[in-house]
Amino acid sequence: MQISTRETWFGITGWEEYSLITSTEGLFKIQHTDLPLSYYTGLLGMPGITAYFGFYEICSPKQGETVFISASSGAVGQLVGQFAKLSGCYVVGSAGSKDKVNLLKNKFGFDDAFNYKEEPDLNAALKRYFPNGIDIYFENVGGKMLDAVLLNMRVHGRISACGMISQYNLEELEGVTNLFNIVTKRIHMKGFVISDHYHIYPKFLDTVVPLIREGKITYVEDIAQGLESAPTALVGLFSGRNIGKQVVVVARE
């Protein structure tokens, strides 16, 4: 959004072509105008800081650790995987199609990935990819996936609970039966809402902007054109139709 002819800001407004902004509270001034403005809806916006905080601040990764990310081709997951690789970790992601699995391995640099829809036994699949267990799990899905992951976590593992998209539209939520592993394996599991942590945004920018400019991070956007396409784009998120950050282009300068 344009506040004046000299300043560009980003933040949350309505689904509309024009917004009247009366206060900059909750908005952020864009400092790095040489980077694509759309990045501020994803890589340099809420999804980016979510990935950064959830992985670094909650999981405290160490070189050589094993990392599993569910819904890993999405706006957050693709970044967590790249942060993990930059930290010297072994990284595996799950996604919902062959194309997304190929993207994870060939574009985002994951060590491996699998299509969860083709795995009748998630516990067996995780044992195949993590024969010695999982140190860090970045949770985006919940339900059966979380239940299987708990069986495969290592002692003193960490789980960053970012979201549980498999549960959002269910009339009756799925139960998780393997929670006792949190006790026996001394697992640290923490949920978070990123709006509580925007104070780290300058630190996040100092870390991520140089990585973008050095070509060490790549990012994929799924772009829909026009405000009229927004409802369809939103519904597509829940079936996994999008690849990467879903962006709706309303207007261009």
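Screening PRO36 against (1) farther than 26 Å from SER87 by Cα; (2) free of Cβ contacts under 8 Å to residues at least 24 places away in the same chain; (3) not acidic (Asp, Glu) leaves a single unmet condition, (1).
Of the residues GLY88, GLY54, the single one that is small (Gly, Ala, Ser) and surrounded by fewer than 20 Cβ atoms within 10 Å (Cβ to Cβ) is GLY88. Would you check if ASN242 is at pLDDT 95 or above, assigned by TED's automatic domain parsing to the domain that holds LEU104 and surrounded by 15 or more Cβ atoms within 10 Å (Cβ to Cβ)? Here the answer is no, as ASN242 does not meet what is asked.
For segment 147-189, the candidate set comprises residues that are surrounded by 13 or more Cβ atoms within 10 Å (Cβ to Cβ) and of a type in the set (D, E, K, R); within that set, the residue that is nearest to ALA124 (Cα to Cα) is ASP147.
Matching residues to (1) within 16 Å of the chain's Cα centre (by Cα); (2) at pLDDT below 95; (3) hydroxyl-bearing (Ser, Thr, Tyr); (4) outside the structural domain of VAL209 (by TED's automatic domain parsing):
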residue: LEU43; (1), (2), (3), (4): yes, yes, no, no
residue: THR50; (1), (2), (3), (4): yes, no, yes, no
residue: GLU57; (1), (2), (3), (4): yes, no, no, no
residue: VAL91; (1), (2), (3), (4): yes, no, no, no
residue: LYS98; (1), (2), (3), (4): no, yes, no, no
residue: GLU119; (1), (2), (3), (4): no, no, no, no
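So, in segment 219-238, of the ones that are part of a loop (DSSP other than H, G, I, E, B) and surrounded by 15 or more Cβ atoms within 10 Å (Cβ to Cβ), which residue ends up modelled with the highest pLDDT? Here the answer is TYR219.
Every residue, every condition in (1) of a type in the set (Phe, Trp, Tyr); (2) under 25 Å from LEU104 (Cβ atoms); (3) within 19 Å of the chain's Cα centre (by Cα), yes or no:
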| site | (1), (2), (3) |
| --- | --- |
| GLY142 | no, yes, yes |
| MET153 | no, yes, no |
| CYS162 | no, yes, yes |
| THR184 | no, no, no |
| MET189 | no, yes, yes |
| TYR198 | yes, no, yes |
| PRO231 | no, no, no |
| VAL235 | no, yes, yes |
| GLN246 | no, yes, yes |
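Cβ-Cβ distances below 9 Å connect the following pairs, each with a first residue in segment 186-211 that is in contact (Cβ under 8 Å) with a residue 60 or more places away in the chain and under 11 Å from THR50 (Cα atoms), a second residue that is small (Gly, Ala, Ser) and in a helix (DSSP H, G or I), and a separation of six or more residues or different chains: PHE192/GLY54; ILE194/GLY54; PHE204/GLY48. Of all residues assigned to segment 99-114, at least one qualifies as being farther than 22 Å from GLY175 by Cα, acidic (Asp, Glu) and touching a Phe, Trp or Tyr at 6+ places or on another chain (Cβ under 7 Å). Every condition in (1) surrounded by fewer than 22 Cβ atoms within 10 Å (Cβ to Cβ); (2) assigned to a loop (DSSP other than H, G, I, E, B); (3) touching a Leu at 6+ places or on another chain (Cβ under 8 Å) is met by GLY26 except one, and the failing one is (3).
The values are calculated or read from the model by the stated rules, or taken from the named source; none is laboratory data. Everything numeric in this text was worked out from a predicted model, so none of it was measured. Positions of Cβ are backbone-derived with ideal geometry, glycine not excepted, and every protein chain shown enters the neighbour counts.
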